[in-house]
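Q: Can you read through this structure? Questions will come right after.
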Amino acid sequence: MGSSQYDLTGQKALPPPESLFERCHWLYALCREYLFRDHTPEITNALFPTGTPADGTRILELGCGPGLYACRFAKEYPQITATGIDLSKRLIQRARERASNLRLHNCTFIEGDAQALKELPHSVDAVIVSRLFLIVPDKEAVLAEIFRVLRPGGRCFIAEPTSGFRTRLPLGAMWLLARLTTSPVAKYREPQQAEVMPSADFVELVRTPSWASVDVHYDDWYQYAICQKSELQAEQPSRSTS
Ligand SMILES: C[S@@+](CC[C@H](N)C(=O)[O-])C[C@H]1O[C@@H](n2cnc3c(N)ncnc32)[C@H](O)[C@@H]1O
C-alpha cells in the first residue's frame, strides 16, 4: 500500500526533509576519498584477528556512504560477502558503481535505515560503522540493531571523529554548497554543526548492549570501539512486524 500524502489529522503531510548527503553526495564522496582517515588496518585487526576471514564470512557496513570499506574488504577477501546500507539513494548508487568498477560480485548495497534494519536472511559476522553516530538521531537504536543482527561471537568496529574542526568542515561545506545551489533554500535533516561526541559519552553509548567485551582506542582524530558479542549469546528474537 502506498503511503498517504495526508497525515492522521487530514492535513497535507510535509515530505521528510532532504538529506545533505543526498544533495551533496559527490562532495561527501570526495571528502571520504581524500580527507578522512582510512581505518582499514585497524578494522582488519579488529574484525579478523586471525588474519584471514573464514570462507562465507558476512560483513555489514552501516551508513556506508560511498562504500569504501565494504568494497575494500570484498576486494581483499573474495571469500567473504559484504553488504553496505545507507539512507542516501545517491550514495548507494555511487557505492554500487564503485563495486561494479572493481568487478566485485561479493558486494551489495541497499538503501535502508540503520536505526531500523529490515530482517536479514542470516546473522552477520562483523559490522563496520564509521562516522555515523555524529549524524544519526537515535544512536541507541543503531547499537541495538547492530547487536541484534550480529551472530553470537560476532564483532563490530565503530569509529567516531574527535576533532571538532575536521568534523565541522565537511558538513559546513555541504551546507554552503546546498545553500548556494537551491532556491529557495531547502530544509535539510542534518544539524548545522556536527558535534563530536565526548569520550565519556562515546564509551557509555558503545557499552549500551550486553557485549562480552568492549575495547576503546584513540588515535589522532578518532575514537574507536571494538565490541564482541558473547559466543553463548542466545539468538535475538525476530522483531514483530505488526
Ligand atoms: C558522515 S557519513 C559517513 C559515511 C561513511 N561511513 C564514511 O566513513 O565516510 C554518514 C552517512 O550515514 C548515512 N546515514 C545517515 N543516517 C542514516 C541512517 N539512519 N541509516 C543509514 N544511513 C544513514 C548518510 O547518508 C551518510 O552516508
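Q: Could you state the number of Å between the C-alpha centres of the stretch 81-159 and the stretch 169-232?
A: With the stretch 169-232 and the stretch 81-159 each reduced to a Cα centre, they are spaced 15 Å.
Q: Given R₀ = 30 Å, FRET efficiency for Asp215-Lys187 by Cβ-Cβ distance, to 0.05?
A: 0.15
Q: A follow-up question, please. Sort the following peptides by mean Cβ neighbour count (other Cβ atoms within 10 Å, averaged over residues), highest first: 212-225, 133-146.
A: So the order, starting with the most tightly packed, is 133-146, 212-225.
Q: On to the next question. Under the rule of at least 5 residues apart or a separate chain, name every residue whose amide H is placed under 5 Å from the amide H of Val127.
A: Leu60, Arg155, Cys156, Phe157
Q: Under a 5 Å amide H to amide H cut-off, with H placed in plane at 1.01 Å, what residues pair with Leu150 once short-range neighbours are removed?
A: The list, which skips near neighbours in sequence, is Val124.
Q: Return the long-range amide H neighbours of Cys24 (sequence gap of 5 or more, or a different chain), with a cut-off of under 5 Å between placed amide H atoms.
A: The answer is none.
Q: Tilt of helix 25-34 relative to the longest C-alpha principal axis of the chain, in degrees (0 to 90, nearest 10)?
A: That works out to roughly 40 degrees.
Q: For the chain, what does the helix formula give at 222 nm: sum of -39500 (n - 2.57) over DSSP H segments with n ≥ 4, over the residue count, nearest 500 deg cm²/dmol?
A: Result for the chain, helices only: -10000 deg cm²/dmol.
Q: Return one number: the angle in degrees, 0 to 90 and rounded to the nearest 10, between the long axis of the Cα atoms of helix 89-101 and the longest principal axis of the Cα atoms of the chain.
A: Between the helix axis and the principal axis of the chain, the angle is about 50 degrees.
Q: Quick one: net charge of Met197's neighbours, Cβ under 9 Å, K/R +1, D/E -1?
A: Taking every Cβ under 9 Å from that of Met197, the sum is -2.
Q: Something else about it: Determine ³J(HN,Hα), in whole Hz, for all residues of the stretch 161-173 in sequence, where each value follows from phi through the Karplus function 6.51 cos²θ - 1.76 cosθ + 1.60 and θ = phi - 60°; x replaces Gly and Pro.
A: Here the 3J(HN,Hα) series is x, 10, 8, x, 4, 5, 7, 6, 4, x, 5, x, 5 Hz.
Q: Could you give each residue of the stretch 194-209 its phi-based ³J(HN,Hα) in whole Hz, using Karplus coefficients 6.51, -1.76, 1.60 with θ = phi - 60°, and x for Gly or Pro?
A: Coupling constants for the stretch 194-209: 7, 9, 6, 8, x, 3, 4, 5, 4, 5, 4, 4, 5, 8, 4, x Hz.
Q: Find the relative contact order for the chain and round it to a whole percent, using C-alpha pairs within less than 8 Å whose residues are 6+ positions apart.
A: Once normalised by length, the contact order is 19 percent.
Q: Continuing with this model, one more query. Between beta-carbons, use under 10 Å as the cut-off and find the net charge around Phe36, counting Lys and Arg +1, Asp and Glu -1.
A: Once all neighbours under 10 Å are counted, the net charge is +2.
Q: Under the Karplus relation 6.51 cos²θ - 1.76 cosθ + 1.60, θ = phi - 60°, what is the ordered set of whole-Hz ³J(HN,Hα) values for the stretch 54-71, x standing for Gly and Pro?
A: Taking θ as phi minus 60°, the curve returns 5, 3, x, 4, 10, 10, 10, 10, 8, x, 6, x, x, x, 4, 6, 4, 5 Hz for the stretch 54-71.
Q: Something else now. Using the Kirkwood radius over C-alpha pairs as Rh, can you work out the diffusion coefficient of the chain via Stokes-Einstein at 10 °C, viscosity 1.306 mPa s, in µm² per second?
A: Reported coefficient: 84 µm²/s.
Q: Pairing the Cα long axis of helix 139-149 with the longest principal axis of the chain, what angle in degrees results, from 0 to 90 and rounded to the nearest 10?
A: 40
Here, each number is a calculation from the coordinates, and none is a lab measurement. Computed from a predicted structure; not experimentally measured. Quick reminder, even Gly has a Cβ in these numbers, built from the backbone with ideal geometry, and neighbours come from all protein chains shown.
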